[in-house]
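Beneath this line is the structure, given in structure tokens, with notes to follow.
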């Protein structure tokens, strides 16, 4: 189904984000001459941006080739905001996590965005690849490779921009296409609308591979390569009743599960369950530590498999790892609820349980946002794993100090 495939693509984007240090921040990349789009009769094509031209097709001043631009920021940009407009010149990569995002600047690197609404204006230029997971995306910019997972994607017509020089990969519920692709386009969308209006039509210079509920009727010349169509069955689209029932069951299970985990932590780790000094700022490093733990434990398991005495311990470790994976999100819910304990004056257990359940519902609702939800769920899980690791190290450190002080007293 569309939902399952989109989750796989989002996880692929997350993997790219985790290993960005090794593969990003390259020099300006332009498509090879054989990949550049060729104009056909009666069709206007976005110009190929080279180091000597800007995305709007103008030529920079002669001095710009010898004098550094003072407005260029030579570093990668990471943003966590509610509403954010990226109108800068960045010589590096851009990572944005926000609700509403507008990109109108230029990036000499890759752009990775997780948001609700994302807009690339006609002045947006990305020298490498774009990766977007969002609810709605409006694209009118220029990039080399375009990769989008969203509920609705609008790629508008423009005689200068709205172009991907190489490949375009889109997975959406609704995809309205009127832009240009220099090479191949791969589309999976329930409703795929390919604009064919004269002088405003979309155009693909390579192959078009798409899956949709209905097959397109394309005029000759709109796709220079081959067109490969695969029909999406109506059975692959969930009914409204099934979706509502699934969501209610998911919410109920999450509430019960979180309540059980909270009661267990009251017995096992009461200080964690009732810590009103928690700060939300600790969640960001916890996510990083959780990601490292998520990678390190399987690697340790593999290493133990090559030893004789460590095989049994390896299976015990991976078993505990799999078991804890299902409680990490509840750990995050409890931690966040404790940060709100003082604000809502929830000193009594009954009132705190209401805060905990309300917090769980809000975090669960965020995870249901189309296409962005799986990303939020992953971050919540990583935060829970990180909080658990940080708690274990904190207890070990405390025990060592207590043992040291006892020895000194003796």
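Each reported figure results from applying straightforward, stated rules to the coordinates on display, with no laboratory input. Keep in mind the model is a prediction, meaning the values are calculated, not measured. No Cβ is skipped: glycine too gets one built from the backbone with ideal geometry, and neighbour counts run over all protein chains shown.
General observations
- Inter-probe distance in nm under a simple model that places probes 7 Å from Cα toward Cβ, at residue 80 and residue 199: 5.0 nm
- When you count the other C-beta atoms within 10 angstrom of each residue and take the mean per peptide, 140-152, 116-128 line up highest first as 140-152, 116-128.
- When the square roots of the Cα gyration tensor eigenvalues are ordered a ≥ b ≥ c, the ratio a/c for region 110-211 is under 1.5, which makes its shape rounded.
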